[in-house]
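First comes the structure, then the notes that go with it.
The values are calculated or read from the model by the stated rules, or taken from the named source; none is laboratory data. Worth saying up front: this structure is predicted, and the values here are computed from it rather than measured. Because the Cβ atoms are built from the backbone with ideal geometry, glycine has one as well, and the counts that use them run over all protein chains shown. When the accessible area is computed, the model is the full protein with side chains, heavy atoms only, and any ligands, DNA or RNA have been set aside. Shrake-Rupley method; radii C 1.70, N 1.55, O 1.52, S 1.80 Å.
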Amino acid sequence: MHWSRKGPVSISFDCIVVGSNECWWIGIGIGIGWRKMQLHFSPSMRSVTISSSSNGGYGDLMKIKVAARHFSYRNVFHTILILAFFLPFVFILTAVVTLEGVNKCSSIDCLGRRLGPSLLGRTDATGNLVKDFVKILNQVNTEEVPAGLKLPESFSQLVAEMKNNKYSAKEFALVLKGMMEKSEREIRESKFAELTNKHFAASAIPKGIHCLSLRLTDEYSSNAHARRQLPSPELLPLLSDNSLQHFVVATDNILAASVVVNSAVQSTLKPEKIVFHVITDKKTYAGMHSWFALNPVTPALVEVKGVHQFDWLTRENVPVLEAVESHNVIRKYYHGNHVTGANLSDTTPRSFASKLQARSPKYISLLNHLRIYLPELFPNLDKVVFLDDDIVIQRDLSPLWDIELSGKVNGAVETCKGEDEWVMSKRFRNYFNFSHPLIAKNLNPENCAWAYGMNIFDLRAWRKTNITNTYHAWLKENLKSNLTMWKLGTLPPALIAFTGHVHPIDASWHMLGLGYQSKTNIDNVKKAAVIHYNGQSKPWLEIGFEHLRPFWTKFVNSSNDFISNCHILE
């Protein structure tokens, strides 16, 4: 008896009739298209033969003999049933391999050789090729690229040369290594050039700001109203009234000073209690005076004073003046060529950027050192808040005067704590060279640093200390060591001088890093009382971060004739 089903997949059964309603299954045939496979069982059930057919002919592939033993036909039935379900999958796999053109043989042995590695997760010839290539790359990694080797300029040129020259695997690996090393050198050189150009851009005075200073200086000489006394004579006693809130700003940047003052007045609840003391240098004094005379911020008061107007501020009384003006090492360090002679091959871009920032000319400006002389500058004041010119005030600062400093001199935000690891992870080790014996002997590298730029100074407590003299002493030691103890400006000697005299205040009062951290969290910027654009990317420069600049520019009076005529915001 024979029964079969035709189609893409065909199944056939052959049996021997035993009775009217029974038969023994002797053969099962399963086929996919033209390829068929059959199982034949001997009448004694002692052997099984597997046959395969193609193109109309049959051939025995395998014959399995079963040892003589007692077994039931039910077991045979179960075995045949399992094979009936298993064989279609074998043939489907065979068909897939055949259709993909990978396997052109018809034996189970060939199929096993093809499918076995894949089913067991083993690599094929492609995997072996990759292994061989990695081996060659490891070999080439220890070799130098020949000096005279001509390198393709692009990937397409590399492919073209491979077709024409028929590189060996090792030659190809050497060319590839040479191309990558060349690209790395060019990227590195480009990065150093970018950092150098950024340093010069940060150190230069933008044309708009220079224009503003010149126009206002000219106005001072020709306009009596621009020369009027600040504040008016009847208000002069308020400059030493300790019931008012006194802010100090030292800068030669008129535009920056105007933003600091405007933001403070617009953010306070009681502007009539604010007094600003703006200190500038001799060349900027006329322009700075003109600006605040022509743009009053009443009811707040503004005083403008030049360094030259302080009689006691001479080289004899202030050692830092003599050091800054006469020390050749300092002038060469800050005004020399920062690239010539530098071993860039042994320097990382980050280290190079740090060195460039440490060479900013502002660090030898007396205006930058003036904060250490606040008790002498304002002998009648008890407490002041010192502000850098690259800050913006966004919240009423009146509560600062209510902070109890517990006998300390300096209320400041610590910079070794906070979510921003880039900005708020500064300890003494970040500022000092602890390989220097004096530094190693006297300082702890794990001491927490704090921020300059927005500080509450208790001048009464300060006058009872030796802070200023300590500052001078360490500054002289650093000059003697040819600046090998620290590099960066006025903060390091202040960290030493104020040791034991700092009272930490909440970090929300002073947010730093807007001048070098492009990933600053905008939500945190909005919440901070004072935001500080410390770093090279000042908001008034083209290299300033676009998404952070609006927090500063909204306090610039763009309708002012001097601002618009100098095209400052364009």
Label point at N524 placed 7 Å out along Cα→Cβ; residues across region 409-426 whose backbone nitrogen lies under 14 Å: 414-426
Inter-label distance for S559 and K170, nm, one decimal - labels placed 7 Å from Cα along Cα-to-Cβ: 7.9 nm
Region 392-491: C-alpha gyration tensor shape, a/c 1.5 cut-off, then a/b vs b/c: oblate
Solvent-accessible area, 1.4 Å probe, carbon plus sulfur percent, for region 244-287: 50 percent
Where labels lie 7 Å past Cα in the beta-carbon direction, separation of I403 and R227 in nm: 4.2 nm
Fraction of accessible area attributable to carbon and sulfur, region 392-550 (%, probe 1.4 Å): 50 percent
Theoretical gain in end-to-end length, R395 to D241 [0.36 nm per residue, Cα-Cα removed]: 53.1 nm
Computed label-point distance, nm, for sites L214 and F434 using a 7 Å Cα→Cβ extension: 5.0 nm
Violating pairs (Cα-Cα greater than 21 angstrom) within the set K408/K526; K198/K519; K441/K487; K150/K182; K198/K487; K207/K527: K408/K526; K207/K527
Surface per residue (accessible, 1.4 Å probe) for region 150-282, Å²: 54 Å²
Full-stretch length increase - V130, F310 - with 0.36 nm per residue and alpha-carbon distance subtracted: 57.1 nm
Heavy atoms of D420 accessible to a 1.4 Å probe, total area in Å² rounded to 10: 50 Å²
Ranked by how many other beta carbons lie within 10 Å on average, peptides 146-157, 527-538, 205-216 from highest: 527-538, 205-216, 146-157
Of K283/K476; K480/K538; K383/K464, those spanning more than 22 Å from alpha-carbon to alpha-carbon: K283/K476; K480/K538
For region 485-570, accessible area per residue (1.4 Å probe, heavy atoms of protein chains only), Å²: 43 Å²
